[in-house]
Structure formats: structure tokens, C-alpha cells
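**Student:** Okay, handing you the structure first.
The values are calculated or read from the model by the stated rules, or taken from the named source; none is laboratory data. Bear in mind the structure is a predicted one, so any value in this text is a computation, not a measurement. Don't worry about glycine lacking a Cβ; one is built from the backbone with ideal geometry, like all the others, and counts go over all protein chains shown. In case anyone asks, the SASA skips ligands and DNA or RNA and just uses the protein heavy atoms, side chains included. Shrake-Rupley method; radii C 1.70, N 1.55, O 1.52, S 1.80 Å.
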Amino acid sequence: MNVTIRELADWLRGFDDIAVFGHRAPDGDACGSCVAVALALRALGKRAVACLPEGMPEFLRFLPGQECVVPDGELPFTPQCALAVDVSAPDMLGDNRALFEACPQRAVLDHHGSNPFFGQRNHVEPNRAAAGEMALLLIAELGVTLTKDMASCLFAAISSDSGNFNYSNTTAETFESAAVCVRAGADVDEITGYIYRTRTEARTRLLGLCLAELKREGKVAWARVTNAMFERAGAMRCDTERIVNYLIEIEGVEIAALAIEQEDGCSAKFSLRCVAPYNVARDVAQPLGGGGHERAAGITIHRPLDEALNMVLARVREIL
């Protein structure tokens, strides 16, 4: 069932124990949106938590509201309802999928055009740059005053999925949403400094190892991050965030793929980027079991790294 933001807010007000779920390998939009919504629900006197697979990534632990985040599978109460935020498909819930599906009442708030409407109630707006924009509207419909902590989380969310307001998905509404957050106390310099201008040494070393081996074939560029690279750099899984952007920024490149070997050595995760007129979600990710947006998508393929990479490159070559 499709619902409006107001109807979703009315539905949430009817429950006292609520779990807000983000997607696996959570990024700034998922983390910021989930925590902000959980904080707003707590302001209404609800018991609410943000369930982020693998927890809050290291590079986002400066955000307020960390007390709302719970580890995988460790809910402090039995939720009456579940709200998936910025989750494009059930598989993207990761190890928390069973927890989400065990809730008697389930809803989805998302901005991915590939979303299959897997909640009993769904509000999906593919034209939104970030789920953070929609979370901001939901908080207003809940009748909660936007605090500095909520605003900081939402500014991080909106900035992250709009590429710090550089991507083609950035609209007037994106800037207006960000302005609301700034007026509520979000510190632009602090937030963007942590996200865009600060890297650990390990993350920097991983970036160097990855880019040193990038490959190019005409309009396509790709790179791999292997388990050996993680070990050599002393890096974490979240340290791959935004590496794919360096590939799509190469002059003349129109489709980019970053292949990340998973710890089991038998599967690989992909981050995909493209420029117009290509659609990597529809033409590359979805046929291989993934999803996302026209210009930014992702897939997990349960094959060894090089075999999975060849599958993705074959799809890319077809659309070129």
C-alpha cells in the first residue's frame, strides 16, 4: 500500500516500540536518516532504535545520536513495528532482514526507483536526492521540533547522497532541506570536514593501493579492493566509501565499477557510477540482483572476485 508522509507519521504515532532499519554497509544517508528518525520518535516518548547492519561506520561516529544505534540482532525490546529507511530491497537489510520481517507491522521510506515496495506501507520518492529529505518531512509531520542533533544527522544524510550537492540528483528541494537543517543548528564546516576532508591513514593507504591498479577500457574504468589490500593497509570495510567516485571522475570515463572482495573470499560487492544517458541500476545492477539509482547503484554477487567482476563488465559492455 502506498501512503503519504502524513499517513506514515500517523501510523508511527500508533506504536510505542519502534525499530528503524537501515541498509547493509550503511552510508551517510542511511545512518543519518535512521538516527534522526529514531531521535524524533524518542522525543515523542517512544522506545526507538536505529538498526544499522555492522553498526555505525567509523567515519560517521562523530554524528550525534549514537545511543540510538544497536548492533546486528540485538534489539533491547520486541518492536511493535518496523520502518526501513533508505533500503532499496529486502536483501539490503543484511543480517537484520529476519528481524524486520518478524515485526507484525512494517513500512518503507525510500528514494530508490528500484524499490519493490516490500513494506505493508510504502512511501517511495525516486526523485528525492536523499532519504534524509524525506526523513526531514516525516519528522515535521510527527510534530517534533527539529533539534540540532537531528539536523546534524539529516544534513550529513542529504550531503552524502547528493555528493555534497554536486550530483545531478540535487534539486532546489535538496538545498531547501539542507537550509532547514542549518537553521536548526547543523554545523556545515564540522560535518563536511569529517565526511569529505578527513581520512585515516589506513583509509588513505587503501585508496592508494586500489587506484594504483585501476583499469580502463574506453569509456569504462574499474578497480578492485582485495582482502590482501585491506590487510596490507590495515583498513576496514567502510574505508571503501567513495573510492568509486575517483574512477567516474576520470576524464572520458562514463561508467565506473569498484569491485570489493568480501571476507569469505567467495563473493564480491560492487559500487557502480555512470553519467547520462546511462542507467547502471536498470541495466547493470538489477539484472544481476542489485539495485539503486540511475547514476549510482550496487550489487553483491556470490562468486569469487574476478569471476564476479567479469560478469559486471560483460553487462557494462552490452549497454555501451
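**Student:** Pairs only if they're at least six apart or on different chains, beta carbon under 8 angstrom, first in region 267-291 and in a helix (DSSP H, G or I), second of a type in the set (Phe, Trp, Tyr); list them, first residue then second.
**Tutor:** Ala285/Phe270
**Student:** Just give me the residues in region 51-61 being free of Cβ contacts under 8 Å to residues at least 40 places away in the same chain, open to solvent by less than 70 Å² (accessible area, probe 1.4 Å) and on the phi < 0 side of the Ramachandran plot, in sequence order. Steps first, answer last, please.
**Tutor:** To start, the set of residues in region 51-61 that are free of Cβ contacts under 8 Å to residues at least 40 places away in the same chain comprises 52, 55-56, 61.
Narrowing the set further to residues that are open to solvent by less than 70 Å² (accessible area, probe 1.4 Å) leaves 52, 55-56.
Within region 51-61, Leu52, Met56 qualify.
**Student:** Which residues, counting only those in region 147-186, are free of Cβ contacts under 8 Å to residues at least 60 places away in the same chain and either aromatic (Phe, Trp, Tyr) or touching a Leu at 6+ places or on another chain (Cβ under 8 Å) (or both)?
**Tutor:** The answer is Phe165, Phe175, Ser177, Val180, Cys181, Ala184, Ala186.
**Student:** Moving on to the next point. Going through region 57-87 one residue at a time, which ones are at pLDDT 95 or above and under 13 Å from the mean Cα position of the chain (by Cα)?
**Tutor:** Leu60, Ala84, Val85, Asp86, Val87
**Student:** Would you mind stating whether Asp161 is at pLDDT 95 or above, surrounded by fewer than 19 Cβ atoms within 10 Å (Cβ to Cβ) and acidic (Asp, Glu)? Show your work before the answer.
**Tutor:** Working: at pLDDT 95 or above: yes; surrounded by fewer than 19 Cβ atoms within 10 Å (Cβ to Cβ): no; acidic (Asp, Glu): yes.
Here the answer is no, as Asp161 does not meet what is asked.
**Student:** Based on what the data block shows, is Ile191 open to solvent by less than 60 Å² (accessible area, probe 1.4 Å) and farther than 17 Å from Phe62 by Cα?
**Tutor:** On the way: open to solvent by less than 60 Å² (accessible area, probe 1.4 Å): yes; farther than 17 Å from Phe62 by Cα: no.
No, not satisfied.
**Student:** Now for a different question. Residues being touching a residue at least 24 places away in the same chain (Cβ under 8 Å) and open to solvent by less than 40 Å² (accessible area, probe 1.4 Å): count how many of those fall in region 62-90.
**Tutor:** 17
**Student:** Could you list, in sequence order, all residues of region 139-157 that are of a type in the set (A, V, I, L, M) and closer than 18 Å to Pro26 by Cβ?
**Tutor:** Filtering region 139-157 down to residues of a type in the set (A, V, I, L, M) leaves 139-140, 142, 144, 146, 150-151, 154, 156-157.
Within region 139-157, Met150, Leu154, Ala156, Ala157 qualify.
**Student:** Another question about this same structure. For region 77-85, does any single residue satisfy the condition of being of a type in the set (Ser, Thr, Tyr), closer than 19 Å to Ile191 by Cβ and in contact with a strand residue (DSSP E or B) (Cβ under 8 Å, 6 or more places away or on another chain)? Write out each step before concluding.
**Tutor:** Quick first cut of region 77-85, residues of a type in the set (Ser, Thr, Tyr) only: 78.
Right, trim to closer than 19 Å to Ile191 by Cβ and you get none.
No, region 77-85 contains no residue that is of a type in the set (Ser, Thr, Tyr), closer than 19 Å to Ile191 by Cβ and in contact with a strand residue (DSSP E or B) (Cβ under 8 Å, 6 or more places away or on another chain).
**Student:** In region 118-157, which residues are of a type in the set (A, V, I, L, M) and over 21 Å from the mean Cα position of the chain (by Cα)? Walk me through it before giving the result.
**Tutor:** First, the residues of region 118-157 that are of a type in the set (A, V, I, L, M): 124, 129-131, 134-140, 142, 144, 146, 150-151, 154, 156-157.
Across region 118-157, the qualifying residues are Ala140, Leu142, Val144, Leu146.
**Student:** Residues to consider are Glu74, Glu54, Glu67; find the one that is outside any loop (DSSP other than H, G, I, E, B) and acidic (Asp, Glu).
**Tutor:** Numbers: Glu74 fails: outside any loop (DSSP other than H, G, I, E, B); Glu54 fails: outside any loop (DSSP other than H, G, I, E, B).
Answer to the check: Glu67.
**Student:** With Ala36, Ala48, Ala43, Ala25 as the choices, which residue is touching a residue at least 60 places away in the same chain (Cβ under 8 Å) and open to solvent by less than 30 Å² (accessible area, probe 1.4 Å)? I'd like the intermediate steps shown before the answer.
**Tutor:** On the way: Ala48 fails: touching a residue at least 60 places away in the same chain (Cβ under 8 Å); Ala43 fails: open to solvent by less than 30 Å² (accessible area, probe 1.4 Å); Ala25 fails: open to solvent by less than 30 Å² (accessible area, probe 1.4 Å).
Testing whether each residue is touching a residue at least 60 places away in the same chain (Cβ under 8 Å) and open to solvent by less than 30 Å² (accessible area, probe 1.4 Å) leaves just Ala36.
**Student:** Which of (1) open to solvent by 10 Å² or more (accessible area, probe 1.4 Å); (2) touching a residue at least 24 places away in the same chain (Cβ under 8 Å); (3) in contact with a helix residue (DSSP H, G or I) (Cβ under 7 Å, 6 or more places away or on another chain) does Gln105 not meet, given it meets every other one?
**Tutor:** Here Gln105 meets the rest and fails (3).
**Student:** With Ala184, Ala140 as the choices, which residue is open to solvent by less than 40 Å² (accessible area, probe 1.4 Å), more than 20 Å from Asn279 (Cβ to Cβ) and among the aliphatic types (A, V, I, L, M)?
**Tutor:** On the way: Ala140 fails: open to solvent by less than 40 Å² (accessible area, probe 1.4 Å).
Among Ala184, Ala140, only Ala184 is open to solvent by less than 40 Å² (accessible area, probe 1.4 Å), more than 20 Å from Asn279 (Cβ to Cβ) and among the aliphatic types (A, V, I, L, M).
**Student:** Would you check if there is a residue in region 219-233 being hydroxyl-bearing (Ser, Thr, Tyr), over 25 Å from Leu52 (Cα atoms) and either at pLDDT below 95 or surrounded by 18 or more Cβ atoms within 10 Å (Cβ to Cβ) (or both)? Show your work before the answer.
**Tutor:** The first filter runs over region 219-233 and keeps only residues hydroxyl-bearing (Ser, Thr, Tyr), leaving 226.
Filter again for over 25 Å from Leu52 (Cα atoms), leaving none.
No, region 219-233 has no match at all.
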